[in-house]
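A short reminder: the numbers here are calculations on the coordinates, not readings from a lab. The model shown is predicted, which means the values in this text are computed figures rather than measured ones. Positions of Cβ are generated from backbone atoms using ideal geometry, with glycine treated the same way; all protein chains shown enter the neighbour counts.
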């Protein structure tokens, strides 16, 4: 496996550089941030470029960012430095933890985990989602931003297989929706607004129930209870627990069956920073899973994701503060 | 599918054991209705047709309470979603809910039938017990299947508590006919001609039809 | 979409109904026991048969809807059931008139078909509150179809059960609903049945066309509003 050489990019979170680079430089494979910024962008591999093309991007603050799209090295007012070898990435799995120059590379250029094209979902006559097009590679994180009612939760539920798309195409983990919707559950961990826990049962009993539904062994229950720091109070009914504890149990339920894809709707709600940090290995970037993250914290979400999708009235929009006007 | 149904059933029974929401209410309801019938009919004892009718109408009315509650916890706490997110055949939910309702009804009848014998039944139950158990078993099965379907159907409507009895009771009429007619000879002071086979046959037909129909359409109630 | 062949259908309905009317009044013999009132039988029974047929047809259309996902089948199912419910009211009213004239009571339990019909009617009346208390249009259509299928399966079961019960306790009084009708009565009855069926189909198509048109109008209005 040939480790790709990657470019170093500095950027500020304010501009959605990554998305724009994606749009304008489709052959671009990897633009990697310094680990402190934690952002990895992966572009769609287009057939003509998938031969031994080399694409480079090095963007320095202060230079025109748009120009990074130019493949023509001479004309671009930016300095191009490194090279990524595209062809081999088509077939090889890139180890998420392999690093070079202290940078992290996060995924494999296989079939994307999520591929949406013109996705549409109606609610009666109203369009809850329209024209949503995005491609999320495996191991990457997609941030979905938007005001309340913009369609973020609807999108998450479509990806989970709970709602069927009315138009457009959607592929989640290789399964085509809505035809192969039945393949999706079991591979997806969904953390929505509701914890999906029964209040009369204890944490352990709830997890045991979900474990039975997903055919997961009981050792995993114990391991997760320890991971979310709920061992001591695992036998108390959920209705006696605080919201933060319930959220922790919900996270345990979400990753109980070791899903490839995480769909997280405000995962840090009700959690204090210490607890949120404890959960990072389970649902954060460290987990190595593909994630779709819905959050109202624009900066925070953008900081920990590789791709961003803004929604306004169900339609894609630029992922910035304009969404909230 | 069976394993999942078993897990759901165990969960439901556990919750019912802890909250004691449905079964005690249903049981209390039947005993209260017996007392009301005593006053309403102004009779100390009943036999024959009247006894069979009172017993079955009361049980079916109590079933309405159980049916209303069947999907309540799921709706309130997102249980259905939890199931939809699991790689599980959705029929498992129907089987589990119908089984739960069946068990609840048996539990209720454990108290309600002796109570009926105590309060209102003229002739004794002895000798009629095996036949009565057969009728109860088949009857409960029918109520369980139809009840689970109706409960799911009404679960998403705004006027749930109103829709359940309106839907459930007409659908149960054939079952009521079969059960009451089958039970009537057992409650006669002097043993009369029986036609158990015919009514058990009708009951079985009813059960088979509604189990098949419910299983066939249940998926469509859950998907979106 | 629905108005194909509507004109000939409407004509056929008009002609058949007129013929039936004429036959009832001028051709069918007067019943020895019940007199003139017996003629209501030519309205009551065909109406009942068509209503039950409409309900079962509604169930079949609901199956098509669920299997294919095509909402127009649900619309067809809804209209069929809806029309049958209206016919059902007619059945019960004419049944009561007939009962009063024949036995002196507005309602009798002796006739298993009528009794069974009452139960089925009560069940189908719940179709409206069920349907209209679900807000999401997709879900509304789906749940209505599930109901239509369960209720459709219920109709024959109920009929069997009631017939078994009533024949067990009350020997059947009326045999006129059977096949043993004298020739003139049978002809009149069949023509009336045909007329009622055609009427049902005509009204069904009519209502579907109207609903379809108003839906298209709504869509166009919406588009105009969005464009503006």
*Taking a quarter of the surface of the Cα convex hull of chain B, what do you get in nm²?*
12.3
*Working from the alpha-carbon coordinates of region C:42-177, get Rg over Rh, Rh being the Kirkwood radius.*
1.04
*Separation of alpha-carbon centers, region C:74-98 and region A:218-280, rounded to whole Å*: 56
*Fewest Cβ neighbours within 10 Å first, please rank C:106, B:199 accordingly.*
C:106, B:199
*Which whole number gives the average count of other chain Cβ atoms within 10 Å of the Cβ atoms across peptide B:144-157?*
3
*Taking the Cα atoms only, what angle lies between the long axis of helix B:91-119 and the longest principal axis of chain B, rounded to 10 degrees?*
20
*On a 0 to 90° scale, report how tilted helix B:160-171 is relative to the longest principal axis of chain B, with both axes built from alpha carbons and the result rounded to the nearest 10.*
50
_Give the average, rounded to an integer, of partner chain Cβ atoms located within 10 angstrom of each Cβ in C:148-157._
5
*Other chains' Cβ within 10 Å of B:209-218 residues: what's the mean?*
4
*asked:* Please arrange B:18, B:6 by how many other C-beta atoms lie within 10 Å of their C-beta, fewest to most.
replied: B:18, B:6
*Interatomic Cα distance distribution for region B:75-129, bins of 5 angstrom, percent*: 4, 15, 15, 16, 11, 9, 8, 8, 8, 6, 1
*Quick one: pull the percentage of alpha-carbon pairs in region C:26-83 with a separation above 13 Å.*
66
_Sequence-separation-based contact order of chain B, relative, with Cα cut under 8 Å and 6+ spacing, percent_ = 30
*Kindly put A:260, B:76 in sequence by how many other C-beta atoms sit within 10 Å of each C-beta, fewest to most.*
B:76, A:260
_If R₀ is 25 angstrom, what is the calculated FRET efficiency for the pair residue A:194 and residue A:315, using the beta carbon separation as r and rounding to 0.05?_
0.40
_Can you give the FRET efficiency to the nearest 0.05 for residue A:297 and residue A:258, using r as the Cβ-Cβ distance and R₀ = 30 Å?_
0.65
_At 222 nm, what value in deg cm²/dmol follows for chain B if DSSP H runs of at least 4 each add -39500 (n - 2.57) and the sum is divided by all its residues, to the nearest 500?_
-27000 deg cm²/dmol
*Normalized C-alpha radius of gyration of region C:72-130, against 2.2 N^0.38 Å?*
1.32
*asked:* Sort A:135-146, A:235-246, A:175-186 by the packing proxy (mean of other Cβ within 10 Å over each peptide's residues), most packed first.
replied: A:135-146, A:175-186, A:235-246
_Degrees, to the nearest 10: C:6-22 long Cα axis against longest axis of chain C_ = 20
*asked:* Based on the alpha carbons, how large is the Rg to Rh ratio for chain C when Rh follows Kirkwood?
replied: 1.04
*Most mobile listed residue (C:43, C:146, C:191) in chain C, GNM with C-alpha springs under 10 Å*: C:146
